[in-house]
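Reviewing the structure listed below.
The values are calculated or read from the model by the stated rules, or taken from the named source; none is laboratory data. Remember, it's a predicted structure, so these values are computed and weren't measured experimentally. All Cβ positions, glycine included, derive from the backbone under ideal geometry; neighbour counts span all protein chains shown.
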Amino acid sequence: MKPAIAWLRQDLRLSDNPALRAASEHPLICVYVLDDETPGDWKMGGASRWWLHHSLAALDRALKDHGGRLVLRRGAAEKTIPALADETGAELVTWNRCYEPFAVRRDTAIKKVLTFNGVAVESFNGSLLHEPWEIATGAGKPFRVFTPFWNALRHKGDVAKPHQAPHRMEFRGHVASDTLADWDLLPRKPDWAKGFDWTPGEKHAHDALYAFLDHLAAYRHERDRPDHDGTSRLSPHLHWGEISPRQIWHAVRARAHSDGAETFLKELGWREFCIQLLYHHPRLPTDPLDERFEAFPWRRSEKDFRAWTRGQTGIPIVDAGMRQLWQTGWMHNRVRMIAASLLIKQLGIHWHKGQEWFWDTLVDADLGNNAANWQWVAGCGADAAPFFRIFNPVLQGEKFDPRGAYVRRYVPELAEVPDRFIHRPWDAPCPPADYPAPIVDLAKGRVRALDAFQSLKRQS
DNA sequence: TGAAATGTTGGGGCG
DNA sequence: ACGCCCCAACATTTC
């Protein structure tokens, strides 16, 4: 029997992996291709590369337990994959689908080439509860509002049951591979990832899920508390496909039917919603869905943007979030909204700038989620918060980090500020000298944002 | 998955 | 006892 290639991309796992399962009927070649040529502007960011390195190492170890290994190749996948098929005499290539516009184009082209060469291709759904084209409005169009999308998903019939890892895998020997260390995916000088508190890989993805299931009942409210451990922290594992949404879905439903469980499932729904939005609107990372926003008078200030990225805005909850992002490669979701709102509304800086920063610094950076959520905060996206819905970071801080534990953890300059001033240290009797004054007056920033929005409305 | 401005109500102090 | 005013507290509207 001729070999089959399982081309792994955002599905770095053995269990519930339909592409791997199909290929494992043959002598098996598992390959990952590092392709910096195809994605264009969305070349993988630094934090993503860190995660990828460790996840590939974990996957390789798991394959070695089964007597195989992970083959690493570098270059444009459009050339690399057909070349590998040719080199190994493979008769089948399988993969689980990706939904980024460049990936869809790439995979379509590769499928054509392979088919022309007489190699069979099978693609699968390994990353979503349902394919983007499987959930549509009554008129057969994609949803642009979350709630009807979610209702349609819930009434879709049950999500497919996850599969176990293939019991037997026989690997084809002697396939040349790059060495992971040579890919230079890890940072050096400075090692900005030394504070990353993550363990990539399929095993830990499942550990994280089962640890989280114990907190599910409290999720509905605890998820909003950055000072607590109320969220699942599954987002990077999900992005890299170390665990599938189907596995999560069924684990949650088997365990609980609390309102916490329902709220959490809805977050899986938002992930699906964002990814299908990108699939149906390939320009989502660049063009506002609401075209009126093309004319929005954005401010340009590298100085303010830089202060935002470094966690030096002088606004505690925002700085804590931005420093958490820099130190750990992740930010609590509630704080993402607050920090994004400040950048877009109070500072008036284009959501593109925030999107790019998150793309580079988040371990869970995902093109669809990132674009859809930045547009959501900016008020120009699908089902978006109206532009005039402006977060007040002081009130948000007081509400969701009431004792300031989160702020103090990431902004040590504020450790000694009394609780009642922790979210507005500028009002404290003696503000710490080593913490910046706010770069924007929140009341004035709000008025400026509303004025800019009014000018947009007058034009259209 | 807001916040601020504005409107309404009702209890209590006080002449 | 009564009317008047003040102002929380809550509700509604507006941005």
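Which one of these does A:S460 not meet: (1) assigned by TED's automatic domain parsing to the domain that holds A:V335; (2) away from DNA strand B (no atom under 16 Å from the Cβ)?
Evaluating A:S460 over (1) assigned by TED's automatic domain parsing to the domain that holds A:V335; (2) away from DNA strand B (no atom under 16 Å from the Cβ) leaves (1) as the failure.
Of the conditions (1) crowded, with 17+ Cβ neighbours inside 10 Å; (2) assigned to a loop (DSSP other than H, G, I, E, B), A:H174 satisfies every one except a single condition; which number is it?
All conditions pass for A:H174, except number (1).
Do the conditions hold for A:A365, that is, is it in a loop (DSSP other than H, G, I, E, B) and within 16 Å of DNA strand C (Cβ to nearest atom)? Let's see the steps before the verdict.
Details: in a loop (DSSP other than H, G, I, E, B): yes; within 16 Å of DNA strand C (Cβ to nearest atom): no.
Answer is no for this residue.
Do we find that A:A90 is more than 25 Å from A:A181 (Cα to Cα), among the small types (G, A, S) and outside the structural domain of A:E272 (by TED's automatic domain parsing) in this structure? Break it down stepwise before answering.
Values: more than 25 Å from A:A181 (Cα to Cα): yes; among the small types (G, A, S): yes; outside the structural domain of A:E272 (by TED's automatic domain parsing): yes.
For A:A90, the condition - more than 25 Å from A:A181 (Cα to Cα), among the small types (G, A, S) and outside the structural domain of A:E272 (by TED's automatic domain parsing) - is met.
Just the residues that are touching a residue at least 60 places away in the same chain (Cβ under 8 Å), touching a helix residue (DSSP H, G or I) at 6+ places or on another chain (Cβ under 6 Å) and part of a loop (DSSP other than H, G, I, E, B), please, taken from segment A:235-262.
A:W240, A:E242, A:I243
Could you check how many residues of segment A:181-234 are basic (K, R), touching a residue at least 40 places away in the same chain (Cβ under 8 Å) and out of contact with any Asp or Glu (no Cβ under 6 Å at 6 or more places or on another chain)? Break it down stepwise before answering.
Step one: filter segment A:181-234 for residues basic (K, R), giving A:188-189, A:194, A:203, A:220, A:223, A:225, A:233.
Restricting the remaining residues to those that are touching a residue at least 40 places away in the same chain (Cβ under 8 Å) gives A:203, A:220, A:223, A:225, A:233.
Retained after the next criterion (residues that are out of contact with any Asp or Glu (no Cβ under 6 Å at 6 or more places or on another chain)): A:203, A:223, A:225, A:233.
The total comes to 4.
Evaluate the following for A:P386: is it modelled with pLDDT of 95 or more and not basic (K, R)?
Numbers: modelled with pLDDT of 95 or more: no; not basic (K, R): yes.
In short, no.
Wholly within segment A:263-354, which helices (runs of 4 or more DSSP H) include no fewer than the required count, namely at least 1 residues that are in the same structural domain as A:R144 (by TED's automatic domain parsing) and crowded, with 20+ Cβ neighbours inside 10 Å?
Numbers: elements: A:302-310, A:316-328, A:333-341.
So the answer is none; nothing clears 1.
Within the set of pairs 6+ apart or on separate chains, which have a first residue in segment A:134-147 that is in contact (Cβ under 8 Å) with a residue 12 or more places away in the chain, a second that is exposed (fewer than 15 other Cβ atoms within 10 Å of the Cβ) and of a type in the set (V, I, T), and C-beta atoms under 8 Å apart?
Partner pairs satisfying both residue conditions: A:F143/A:T137.
Say we look at segment A:365-414 and pick out the residues that are β-branched (V, I, T) and surrounded by fewer than 23 Cβ atoms within 10 Å (Cβ to Cβ); which of these is farthest from DNA strand B (Cβ to nearest atom)?
Going through segment A:365-414, the residues β-branched (V, I, T) turn out to be A:377, A:390, A:394, A:407, A:411.
Now restrict to residues that are surrounded by fewer than 23 Cβ atoms within 10 Å (Cβ to Cβ): A:390, A:394.
Numbers: A:I390: 6, A:V394: 8 Å.
Selected residue: A:V394.
Could you check segment A:423-457 and list, in sequence order, the residues that are among the β-branched types (V, I, T) and away from DNA strand B (no atom under 16 Å from the Cβ)? Steps first, answer last, please.
Pass one, segment A:423-457, residues among the β-branched types (V, I, T): A:439-440, A:447.
Listed by number, the list holds a single entry, A:I439.
Only one residue in A:R299, A:R310 is within 22 Å of the chain's Cα centre (by Cα), over 22 Å from A:L367 (Cβ atoms) and modelled with pLDDT of 95 or more. Which one?
Values: A:R299 fails: within 22 Å of the chain's Cα centre (by Cα).
After ruling out the rest, the residue left standing is A:R310.
Are any of the residues in segment A:206-221 over 30 Å from A:T94 (Cα atoms) and assigned to a loop (DSSP other than H, G, I, E, B)?
yes
If you scan segment A:1-48, which residues turn out to be charged (D, E, K, R) and surrounded by 19 or more Cβ atoms within 10 Å (Cβ to Cβ)?
Initially, segment A:1-48 is screened for residues charged (D, E, K, R), giving A:2, A:9, A:11, A:13, A:16, A:21, A:25, A:35-37, A:41, A:43.
Selection gives A:R9, A:D11, A:R13, A:D16, A:R21, A:D35.
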